[in-house]
1. Note the per residue figure in Å³ for the convex hull of the C-alpha positions in the range 156-288.
2. Please tell me the relative contact order of the range 158-214 in percent, rounded to the nearest whole number, where contacts are Cα pairs under 8 Å and at least six residues apart.
3. Can you list the aspartates and glutamates whose alpha carbon is less than 16 Å from that of K161, not counting same-chain residues fewer than 8 positions off?
4. How large is the helix-only mean residue ellipticity at 222 nm for the chain, computed as the sum of -39500 (n - 2.57) over DSSP H runs with n ≥ 4, divided by its residue count, in deg cm²/dmol to the nearest 500?
5. What net charge do the residues around G158 carry, taking every other residue with its C-beta under 14 Å from that of G158, with Lys and Arg at +1 and Asp and Glu at -1?
6. Antiparallel DSSP bridges in the chain: what percent, to the nearest 5?
7. Which of the lysines could a cross-linker span from K102 if the Cα-Cα distance has to be under 16 Å and same-chain partners fewer than 8 positions apart are dropped?
8. Lys and Arg at +1, Asp and Glu at -1: add these up for the other residues within a Cβ distance under 11 Å of L16 and post the number.
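The values are calculated or read from the model by the stated rules, or taken from the named source; none is laboratory data. Computed from a predicted model, the values in this text were never measured in an experiment. Cβ coordinates were reconstructed from backbone atoms using ideal geometry, including for glycine residues, and neighbour counts include every protein chain displayed. To get the accessible areas, we keep the full protein, side chains included, count just its heavy atoms, and leave off ligands, DNA and RNA. Shrake-Rupley method; radii C 1.70, N 1.55, O 1.52, S 1.80 Å.
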Amino acid sequence: MNEQRAWLGLTLTRGLGGQSFRALLQAFGGPEHIYATPLSALKLHLPVAVAQRVAAGVDEAAIASSLRWLDAPDNHLVTLADTDYPARLLEITDPPPVLFLKGRRALLGAPMLAVVGSRNATPQGASNATAFAEALSQAGLTIVSGLALGIDAAAHQGGLKGAGSSLAVVGTGLDIVYPARNKTLAHQLAEGGAIVSEFPIGTPSIAGNFPRRNRIISGLSLGCLVVEAALQSGSLITARLAAEQGREVFAIPGSIHSTVARGCHRLIKQGAKLVESAQDVLDELRWQTAAAAPAVAAMDDDIVLQALGFEPVSLDVLSERCGLTPDRLSAMLLERELEGRVGTLPGGFYQRIV
């Protein structure tokens with residue numbers, strides 16, 4: 001039996017989870033041997049209905065779409081039997097038996113760092129995610145995130161700018177881009193980085209799949225950096241998993257008035273490393289680079305930016321700080337907004353980005 005077909009067949013067997021799949025591999029060897037095993041022996045490891053499905057052999061109709069997908073260039077099936085299966089994933093309690101990968105397969109062997117955070121990122125948070133990810137990528141780390149809106153997307157964009165590139169772990173089949181708004185980013189990752197999923201081709205967006213993919217994001221990585229997170233953020237799940245897997249956990253502090261900073265502050269109280277620059281992360285990892293990572297943001301002599309700071313502020317308050325009329329200040333803020341240095345927030349508030 002063709003080995004690839006056997007791996008796909010077991011992956012697509014209804015009711016056969018990762019734990020049972022790995023148990024079969026341990027008991028009988030490769031997938032071809034599992035399919036050659038008598039039903040009586042399979043029943044010792046599986047519920048009867050699942051054992052009967054395995055004993056029936058590969059469902060060719062079920063694997064047809066996966067085989068067509070694998071025919072395309074840069075589409076890969078990576079299994080536990082492959083020498084380039086990520087070594088760090090083998091350390092976690094529930095490594096996926098197979099990974100579907102689109103893009104640069106060689107990145108699976110690269111040192112990685114997870115960068116995650118809120119889908120509802122502030123302009124400052126998105127800017128931090130991009131800047132940190134770019135600096136860490138330039139230092140040689142591949143940036144891992146989940147292709148979600150907000151911090152995830154910003155982290156991927158920063159990672160793609162550096163030598164380490166970026167890898168996305170998603171909760172759907174790789175023939176589906178979710179969310180659809182990140183379609184362009186997904187294409188960029190497929191061309192310059194990679195996208196990975198444990199879910200078969202055709203798997204739609206299902207809420208329960210996204211927490212599962214978080215264990216892979218953290219499992220692939222040396223550590224997990226949380227940029228922004230509300231107290232109920234899914235990124236805190238990734239941080240918790242990272243800690244349980246023995247990975248380093250980092251968090252960027254924010255304003256005490258910001259709801260998306262509270263999750264980071266909680267992590268710091270629980271022992272996460274407070275970081276203010278990419279170099280802080282590299283130092284904690286004892287990462288050796290040819291040159292120090294560039295600073296994320298540098299202060300300058302701009303009176304408006306100095307008065308604005310990194311917390312939301314109204315035009316009236318800023319006018320008092322600067323000693324400028326609201327009309328003059330509005331023009332200066334617009335100029336800096338067009339430069340990407342200032343962001344506008346709901347309610348007529350402004351916030352410095354860089």
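1. Details: hull volume 16.1 nm³, N = 133.
Each residue corresponds to 121 Å³ of Cα convex hull volume.
2. Contact order relative to length: 47 percent.
3. Candidates past the 8-residue exclusion: E134, D152, E191.
4. On the way: 16 runs with 148 residues, N = 354.
Dividing the helical sum by the residues of the chain leaves -12000 deg cm²/dmol.
5. Value of the local net charge: -1.
6. For the chain, the DSSP antiparallel bridge percentage is about 45.
7. Answer for K102, where 16 Å is the Cα cut-off: K183, listed by chain and number.
8. Numbers: positive: R14, R22, R53; negative: none.
Residues close to L16 contribute a combined charge of +3.
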